[in-house]
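Comments concern the structure below.
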Amino acid sequence: RYQPSGEPYSQLASHNVDLALYDHLRVGETIRVRYSPSKLIRLTTGVGSYIEGSSALARLRYGPIRARDLAEPGAAVVGVLLGLLALKVRSKAVGVLAWLLVGAAFPVVLLVGSGLFLIPQLFWASRRRPGNRYGWLLLGLIAATIAITFWRVPHPDPMPAAPQLAATAVVRELKIVNRIWAGSDDSPTHGDGGQPVGRPFYMLDLEFTPAGERDPVHAVDRIDIGSVPGLRRGGQVSISYSSTDPRAARVAGASRTYDRSAWLYLMSLTFGAAAIATFVIAPILYGLRRIRDNLLLGVTRCS
């Protein structure tokens with residue numbers, strides 16, 4: 001949070017930093033911030049304003065490339081190309097595959113589109129034309145939607161296969177996460193965008209000094225709310241951490257079922273909406289269309 005010169009209100013900004021700078025920052029301390037005089041440019045994360053001394057590559061998130069960084073845009077591009085191919089060859093199977101690939105990159109679009117449109121359409125198509133494999137497409141769409149959503153919800157980070165040590169950490173930051181997919185899975189926010197998870201969970205910034213080290217390090221953990229009593233910002237908590245990678249740390253005794261809770265919540269919304277669209281909205285629309293067609297037929301006969 002900083003106060004631009006000549007502005008009546010302070011502004012809140014964020015950007016990524018490298019691990020070395022992150023370890024030296026403390027919540028509440030005063031730091032120097034550089035910002036653009038242009039209000040429009042200041043809206044750009046990591047460009048319009050940033051912490052003095054931070055790396056440009058780090059704040060623009062050009063760090064080590066993960067498999068997901070390539071898989072998500074690649075799936076979207078291939079999905080769009082397959083969608084164009086499906087339109088050309090008039091193949092519903094290819095169209096469903098294209099939809100799933102795009103949905104892997106944009107899971108909110110996948111859930112809304114599948115629940116409200118694709119599932120009802122494929123269900124009634126399978127009833128009207130039993131021999132055209134619409135039923136298999138419907139089952140494939142449902143199974144793939146379930147699997148893709150489970151893959152995309154944030155899961156607890158696996159601990160390295162190494163001996164674990166115990167320590168006491170200070171909770172430097174305690175954030176309640178009630179949305180996912182708001183910008184990225186690694187930085188859930190309370191603001192607009194993303195998808196509500198139904199049951200919020202905690203994201204903690206833990207600071208501790210590993211055994212044999214002089215300087216403290218930070219670690220991030222996500223846990224279920226209420227699984228550790230007395231948790232508060234600035235308080236102390238028992239943790240276990242990897243002897244080979246101290247940043248891989250977990251709060252001792254905490255439960256981590258938030259991923260399954262979020263997945264079940266999203267599935268209940270998606271398939272609940274699909275049931276309403278299939279068995280309530282679609283029959284109503286079909287009945288209204290028949291009434292319209294009968295009225296038009298009567299007008300034609302009279303004329």
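Would you mind telling me which residue in Leu206, Leu81, Leu138 has the biggest mean-square fluctuation in a Gaussian network model of the chain, where springs connect alpha carbons within a distance under 10 angstrom?
Result: Leu81 has the largest fluctuation of those listed.
What nm distance separates the two modelled labels at Tyr286 and Val77, each placed 7 Å from Cα along Cα→Cβ?
That separation, rounded to one decimal, is 4.2 nm.
How big is the Kirkwood radius of the chain, worked out from every pair of different alpha carbons and given in Å to one decimal?
Values: mean 1/r = 0.0430 Å⁻¹.
Here the Kirkwood hydrodynamic radius works out to 23.2 Å.
Once R0 is set to 22 Å, what does the formula 1/(1 + (r/R0)^6) return for the Cβ-Cβ distance between Val89 and Arg127, expressed as a FRET efficiency to the nearest 0.05?
Details: r = 25 Å, r/R0 = 1.12.
The pair Val89/Arg127 has a calculated efficiency of 0.35.
Select from Ala262, Val89, Ile142 the residue farthest towards the positive end of the dipole of the chain; place +1 on Cβ of Lys and Arg, -1 on Cβ of Asp and Glu, and compute about the Cα centre.
Val89
Charges at C-beta only: +1 for Lys and Arg, -1 for Asp and Glu. How large is the resulting dipole of the chain about its Cα centre, in Debye rounded to 20? All intermediate terms of the calculation are to be shown ahead of the outcome.
Values: 34 positive and 21 negative charges, 345 e Å.
The calculated dipole for the chain is roughly 1660 debye.
For Thr257, what residues show an amide H to amide H distance below 5 Å, using hydrogens built from the backbone and excluding near sequence neighbours?
HN-HN under 5 Å from Thr257: Asp224.
Classify the stretch 139-277: rounded, prolate or oblate, from the alpha-carbon gyration tensor (a ≥ b ≥ c, eigenvalue square roots; a/c under 1.5 rounded; otherwise prolate if a/b is larger than b/c)? Mind dumping the intermediate values first?
Values: a/c = 2.68, a/b = 2.03, b/c = 1.32.
The shape class here is prolate.
Using a 1.4 angstrom probe, figure out how much accessible area the stretch 72-163 has per residue, in square angstrom, rounded to the nearest whole. Don't skip to the answer; put the middle values down first.
Values: 5300 Å² over 92 residues.
Counting only protein heavy atoms, the per-residue value for the stretch 72-163 is 58 Å².
How many percent of DSSP beta bridges within the chain run antiparallel, rounded to 5? Mind dumping the intermediate values first?
Details: 31 of 32 bridges.
Around 95 percent antiparallel, to the nearest 5.
Please list 225-235, 89-99 highest first by mean number of surrounding beta-carbon atoms within 10 Å per residue.
89-99, 225-235
Taking the Cα of Ala147, stepping 7 Å toward and past its beta carbon, and measuring to each backbone N in the stretch 239-283: which are under 13 Å?
Correct set: none at all.
Between helix 258-276 and the chain, what is the angle of the helix's C-alpha long axis to the longest principal axis, kept within 0 to 90° and rounded to the nearest 10?
Relative to the chain, helix 258-276 is tipped by roughly 20 degrees.
Measure off, as a whole percent, the carbon and sulfur share of the 1.4 Å-probe accessible area of the stretch 246-297, all protein chains present. Don't skip to the answer; put the middle values down first.
Numbers: 2170 of 3090 Å².
Within the stretch 246-297, the accessible surface is 70 percent carbon and sulfur.
Counting only C-alpha contacts under 8 Å and six or more residues apart, can you give the relative contact order of the chain as a whole percent? Walk me through the numbers on the way to the answer.
On the way: 428 pairs, mean separation 42.9, N = 303.
Contact order relative to length: 14 percent.
With θ taken as phi - 60° and the coefficients 6.51, -1.76 and 1.60, list the Karplus ³J(HN,Hα) couplings across the stretch 242-255 in order, rounded to whole Hz; mark glycine and proline as x.
6, 5, 9, 9, x, 6, 7, 10, 9, 6, 5, x, 7, 9
Between Gln164 and Glu52, take the C-beta separation as r, use R0 = 41 Å, and let me know the FRET efficiency to the nearest 0.05.
Working: r = 37 Å, r/R0 = 0.90.
So, using R0 = 41 Å, E works out to roughly 0.65.
The values are calculated or read from the model by the stated rules, or taken from the named source; none is laboratory data. Computed from a prediction, not measured in an experiment: that's the story for all the values here. Don't worry about glycine lacking a Cβ; one is built from the backbone with ideal geometry, like all the others, and counts go over all protein chains shown. Side chains are part of the model used for accessible areas, which takes the heavy atoms of the whole protein and leaves out ligands, DNA and RNA. Shrake-Rupley method; radii C 1.70, N 1.55, O 1.52, S 1.80 Å.
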